[in-house]
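The values are calculated or read from the model by the stated rules, or taken from the named source; none is laboratory data. Everything numeric here is computed off the predicted structure, so don't read it as measured data. Cβ: placed from backbone, ideal geometry, glycine included. Neighbour counts: every protein chain shown. Heavy atoms of the whole protein, side chains included, go into the accessibility calculation; ligands, DNA and RNA do not. Shrake-Rupley method; radii C 1.70, N 1.55, O 1.52, S 1.80 Å.
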Amino acid sequence: AQSVTQPDIHITVSEGASLELRCNYSYGATPYLFWYVQSPGQGLQLLLKYFSGDTLVQGIKGFEAEFKRSQSSFNLRKPSVHWSDAAEYFCAVGGSSGDKLTFGTGTRLAVRP
Amino acid sequence: GAVVSQHPSWVICKSGTSVKIECRSLDFQATTMFWYRQFPKQSLMLMATSNEGSKATYEQGVEKDKFLINHASLTLSTLTVTSAHPEDSSFYICSASRLAGADTQYFGPGTRLTVL
């Protein structure tokens with residue numbers, strides 16, 4: 001069965017500091033990986049996705065993520081966090097066989113001014 | 001592109017009544033739509049997957065007679081919560097993808113349901 005682990009429930013960083021949100025997955029074949037962001041009371045917005053090819057994926061709002069098959073990880077990074085980045089971040093895994101998406105439990109990001 | 005809307009954004013109803021939530025893909029045709037439920041400060045729980053023109057596939061533990069899903073066109077899916085009870089109060093989110101099977105899901109803004 002596929003699963004996603006986001007080990008950090010809550011992270012606080014200072015504005016302008018760098019950010020890395022961790023995501024580890026378990027999947028029996030080549031995974032499709034996603035990062036979504038959710039602001040309070042809102043739906044999810046796709047930040048970036050990995051299907052194949054270059055393992056370093058660029059997304060919107062200055063985010064990037066790197067797929068590391070050997071570590072079963074897909075960590076999300078941003079070099080300089082803005083106050084507007086405060087939100088909940090979800091990592092998700094699916095597959096080419098049409099598997100449904102499985103979401104991690106989310107990481108809540110707070111940004112200190 | 002890939003905008004998904006939901007209506008209403010919030011609804012309050014009395015126990016025992018039914019509530020319909022609409023999910024629309026505004027600028028693309030959605031072969032597959034998904035319905036999720038999200039409890040406060042928790043992740044999304046997939047309730048069902050629906051493909052246009054066919055019956056929805058429900059996840060284990062989700063009552064299909066209570067949560068009626070219709071996907072009548074390539075741009076519209078509806079979720080009807082029948083005989084709602086306070087325990088059905090939750091945040092319901094739909095998503096849509098262009099293709100069946102593995103594809104990017106685009107999410108709606110969610111509907112907050114409160115059952116009194």
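Counting only pairs 8 or more places apart or on different chains, how many lysine pairs in segment B:1-67 have C-alpha atoms closer than 24 Å?
Values: B:Lys14/B:Lys64; B:Lys14/B:Lys66; B:Lys20/B:Lys55; B:Lys20/B:Lys64; B:Lys20/B:Lys66; B:Lys55/B:Lys64; B:Lys55/B:Lys66.
Here the count comes out as 7.
Determine the share of chain A's accessible area contributed by carbon and sulfur atoms, expressed in whole percent, with a 1.4 angstrom probe. Intermediate values should be presented prior to the final figure.
Numbers: 2590 of 5310 Å².
Looking at chain A in its full context, I get 49 percent from C and S.
Suppose we take every Cα in chain A and form the convex hull; what volume per residue is that in Å³?
Details: hull volume 10.9 nm³, N = 113.
Considering the Cα atoms of chain A, their hull volume per residue is 97 Å³.
With a sphere of radius 9 Å drawn around the Cβ of A:Lys78, what net charge do the other residues whose Cβ falls strictly inside it have (Lys, Arg +1; Asp, Glu -1)? Can you show the working numbers first?
On the way: positive: A:Lys61, A:Arg77; negative: A:Glu20, A:Glu64, A:Asp85.
Result for the local shell: -1.
Would you mind counting up the charge near B:Thr104? Only other residues with Cβ under 11 Å from its Cβ, with Lys and Arg at +1 and Asp and Glu at -1.
Numbers: positive: A:Lys49, B:Arg98; negative: B:Asp103.
Every neighbour counted, the sum reads +1.
I'd like to check one number: the per residue accessible area of chain A, probe 1.4 Å, reported in Å² as a whole number.
Numbers: 5310 Å² over 113 residues.
Solvent-accessible surface per residue comes out at 47 Å².
So which cysteines in chain B don't have a second cysteine's C-beta under 4.7 Å from them?
B:Cys13, each lacking another Cys Cβ under 4.7 Å.
Mind checking segment B:1-70 for trypsin sites (Lys or Arg not before Pro) that DSSP puts in a loop (not H, G, I, E or B) and that have at most 16 other Cβ atoms within 10 Å? Write down the numbers at each step before the final one.
Numbers: sites: B:Lys14, B:Lys20, B:Arg24, B:Arg37, B:Lys41, B:Lys55, B:Lys64, B:Lys66; in loops: B:Lys14, B:Lys41, B:Lys55, B:Lys64, B:Lys66.
For trypsin sites (Lys or Arg not before Pro) across segment B:1-70 that sit outside H, G, I, E and B with at most 16 neighbouring Cβ atoms in 10 Å, the list reads B:Lys14, B:Lys41, B:Lys55, B:Lys64, B:Lys66.
Once you compute Rg and the Kirkwood Rh from C-alpha atoms, what is the Rg to Rh ratio for the protein assembly as shown?
Working: Rg = 17.6 Å, Rh = 18.1 Å.
Reported Rg/Rh (Cα atoms, Kirkwood Rh): 0.97.
Report the semi-axes of the equivalent ellipsoid for segment B:24-66 in whole Å, largest first, where each axis is √(5λ) for an eigenvalue λ of the Cα gyration tensor.
Numbers: eigenvalues 86, 50, 10 Å².
Square roots of five times the eigenvalues give 21, 16, 7 Å.
Exactly which GluC sites (Glu not before Pro) in segment B:24-68 are in a DSSP loop and have at most 11 other Cβ atoms within 10 Å? Let's see the in-between values first.
Details: sites: B:Glu52, B:Glu59, B:Glu63; in loops: B:Glu52, B:Glu59, B:Glu63.
Answer by residue number: B:Glu63.
Excluding residues fewer than 8 places away in the same chain, name every one of the aspartates and glutamates whose C-alpha is closer than 17 Å to that of A:Lys68.
Partners found: A:Glu20, A:Asp54.
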